[in-house]
Structures are given as structure tokens and as C-alpha cells.
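Inspection log for the structure reproduced underneath, given as C-alpha cells.
The values are calculated or read from the model by the stated rules, or taken from the named source; none is laboratory data. Since the structure is predicted, the reported quantities are computational estimates derived from the model, not experimental observations. Here the Cβ positions follow ideal geometry from the backbone for every residue, glycine too, while neighbour counts run over all protein chains shown. Ligands, DNA and RNA are stripped out before the accessible areas are found, and what is left, the full protein with its side chains, is counted by its heavy atoms. Shrake-Rupley method; radii C 1.70, N 1.55, O 1.52, S 1.80 Å.
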Amino acid sequence: VALHSGGVWRPKSLLDTAGFMLSFKSWHRKKHQDSRALWKREAVQKYLETLSKEYQQVSHRLNTDSINDLEQRTLRRRHADLSPIAAAFQEIREAEREVQELEAMCRELDSRDEKQLLELALEEKETVDKNINTLCRKLFQLLVPKEKYDGSQVLLEVTAGRTTGGDICQQFTKEVFEMYQSYADYKRWTFHVVNYTPAEIGGLHHAAAHISGDEVYRHLKYEGGTHRVQRIPETGLSSRMQRIHTGTMSVIVLPQPQEVDVKVDPKDLRIDTFRARGAGGQHVNTTDSAVRIVHLPTGLAVECQQERSQQINKEIALRTLRAKLYQQVMEKQLSQEQSARKLQLGTRAQSERIRTYNFTQDRVTDHRISYDARNIKEILSGKEALDKLINRVLEFAEMEAATEYLEHLQASEGGSW
């Protein structure tokens, strides 16, 4: 963990933020601590009080005439760092005092004649409590800086797994891909399909899409993993016998790097063209517009077949290749710097399922946060229900990040604040 001289944490690089990716085994091992519980920890209170006092001192120092230009610039930067934290800290303190006053009022309003007033006070207390929860989450989001690539566009890939249930995986893979396509529309993102390999019986073997928009990677980075489905097939012997089949599919979510992130030597590439075979429109099987690029040093292969233009498909495939090469660099450095923890990276190398979609019980379970959501159809529609689930996972991740940050900070300062 890299500490600013003034005490505000800043990541040394994108790779440092990997410590704040979801650690599934640690989540199974310890009970999740939400933002309100974290706020109530005495050590956290002391630390925030220290930051609040420092903010007052910096503000006072900036109003004096005895500082030079260099010191003034340093203090202004520190002031900008501390200002939103100090403001949120004070807001929570004031809201807590309001709750205490309302609780005292409720204890006095115990006669029948004051029942209506008591109900109003209880409603007001509930509203203020919810506001405190929101403010606590905002505060800890401020403490832990955003990841460098949270605002990036992404490359999303889905791949069907294997099952004895025939086409159950392919059908589920298609449903999940369409779910993310609908979610992109719900979030007003751009969803551009770059590869689509359908299965013979209406499902999907593999598909990939570039998604761009506001904070796409931040919302989708924890969707990478193994997704499991449990359902009774609609046709065949299993449907008549009411047998539940289990299948899986994998989701990969990669931040889409810019041109400068990964250098690719043209000499290391083998570029092949072929006729498109997917759901690409009228041009399918009429021209050699599809492009496959193989990176010879690593053996990585990518393809794009969705556009009419071979040149556009080539450009998209190159962008996809850079994302995958960048992922390899990330994984290598992460394994060196974070060898003590197994991190969820949103890659194929994931041994644990992250989510189960149980159609027979109409339930979706996110195993990382032990959270059940009802109404699978609503979640697969890719709208409000999915957004709620994704944001719940995000909140858990943010609290783990804040907890780790504070624990590291406490350890670096000798165990006391």
C-alpha cells in the first residue's frame, strides 16, 4: 500500500488496486462488514477525526500570508483531498445527533394521546438512518480512490460450458449475453457485438462485445466468472421426467486498453480472413470479411466477423487482442505482487462459480456475498433487478477495499491512530 505523505492513500499503479478485487475465499471466511458497521469502529472514528482536524489546520494555514508558492500548491492539493472527506464526516456526525434527539423524543412520547406524533418521529428517524447509511458509503468511497480503469470501456466475452443436459449451456449463454446487452441499453451504454458463434439448436457457443459508456468497467468488473444454471429443459426426455439439469457458462470482463497500453509488433501477427458464419446480417457467407488474428509469441487468437468491412473487423480484432495481451501482463504482475491472495480477475482461470440461476426455485444466488434475489426473468431482462444485484456486489467490494485500506494504514502507523 502506498501512502501519501499527508496520510491519504494513493495506488502506485493499476496493479495495486488488485488488492481490492473480490477475494471470494476471504468473503466465505469472514462476515461482511457494511459501511455503517465500519463507521462505528473506534479506530475508524479516531482516524477520521484526525483527518478532520488536519483539514481545519490546512484551511487555517492557507489563509495565512507567510507561505511560499510551493507550500501553497502543496496545501491546496491536500485541502482538495481532505475537503469532501471532512464534509461527509461532519454530515454523518450531525445526522447521528439528529437521530439521538429523535430517539429521546420517542422515549417521551409513550402516551396514547401522542401516538400520531410518535409515528411521525419514528418515520423521521428511519429516513435519517437511511441517509446515514448512504453518507457512510459515500465517505468510504472517498477514502479509497477509484481504480484507474473504472471509467473504461470493456471487452465482454461469454462462453458456453459443458453439461450432460445437451443444449442447456448454449441456451443459457445466449440468455446471459442478451441480459448484458439489455443492461447496456438500460445504462445507456453502447453495445457492439464483435463475435457471435451460435449453436445449432438456437443457443450460443461464444460471443464477444465491446461496451462503452459511463463507468462501464466499474459496474461490470465483478461479473467475470463462472455462472451456473439449474433448470428443467423445455424439450426432450428430461423435460418429460422433470429432471433438473445443471450447466455452466463463463463470463470474461476486461478493461479495454488504449493504443498506448500495449505495443504489438506487426511481425508477430498472422492475419487470416474467412467468410462470416454468425448472425451478422445479409453479408454472411458472401464475402471474406471475417478476420482472425493470431499473436505468434503467445498463441493468442482473436476474431471478428460482425462488420461488412474487412478493415473494420481487423481494427476491432486488434483492439481485442491488445485487451487480452494486457490481461496477461496484469495477471503476471499480480501473481508476483499479490501471491499471498487469490484474486478474482474476471478471467477463464476461475475455479469457483460466482452466481447460480436456479429456474426451478426462481432464485438467483450470488455466492460471493451470500445474497439471494427472486424473479430470474426480471434479472435476465437486464434492467433494474440486475442493476440492484450488481450494485450490491459493488458495495461489498468497496467495503472490503475500505477495510483493507484502514487495516494497512493502522499497521503502518504502529497499530494506533
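Taking the criterion of being part of a strand (DSSP E or B), within 20 Å of Ile354 (Cα to Cα) and either touching a His at 6+ places or on another chain (Cβ under 9 Å) or at pLDDT 70 or above (or both), would at least one residue in the stretch 265-281 satisfy it?
No, every residue in the stretch 265-281 fails to be part of a strand (DSSP E or B), within 20 Å of Ile354 (Cα to Cα) and either touching a His at 6+ places or on another chain (Cβ under 9 Å) or at pLDDT 70 or above (or both).
What's the number of the condition Phe177 fails, among (1) touching a strand residue (DSSP E or B) at 6+ places or on another chain (Cβ under 9 Å); (2) closer than 25 Å to Glu395 by Cβ; (3) crowded, with 21+ Cβ neighbours inside 10 Å?
Phe177 satisfies every listed condition except (2).
Out of all the residues in the stretch 359-373, which are of a type in the set (Asp, Glu) and assigned to a loop (DSSP other than H, G, I, E, B)?
Asp362
Considering only residues of the stretch 79-108 that are over 24 Å from Lys130 (Cα atoms) and touching a Ser or Thr at 6+ places or on another chain (Cβ under 9 Å), which is least open to solvent (accessible area, probe 1.4 Å)?
Selected residue: Leu82.
Quick one: is Tyr55 outside the structural domain of Asp366 (by the TED database), open to solvent by less than 40 Å² (accessible area, probe 1.4 Å) and among the hydroxyl-bearing types (Ser, Thr, Tyr)?
Here the answer is no, as Tyr55 does not meet what is asked.
Might you let me know whether the stretch 29-48 holds any residue that is open to solvent by less than 70 Å² (accessible area, probe 1.4 Å) and more than 30 Å from Ser370 (Cβ to Cβ)?
Checking the stretch 29-48: not a single residue is open to solvent by less than 70 Å² (accessible area, probe 1.4 Å) and more than 30 Å from Ser370 (Cβ to Cβ).
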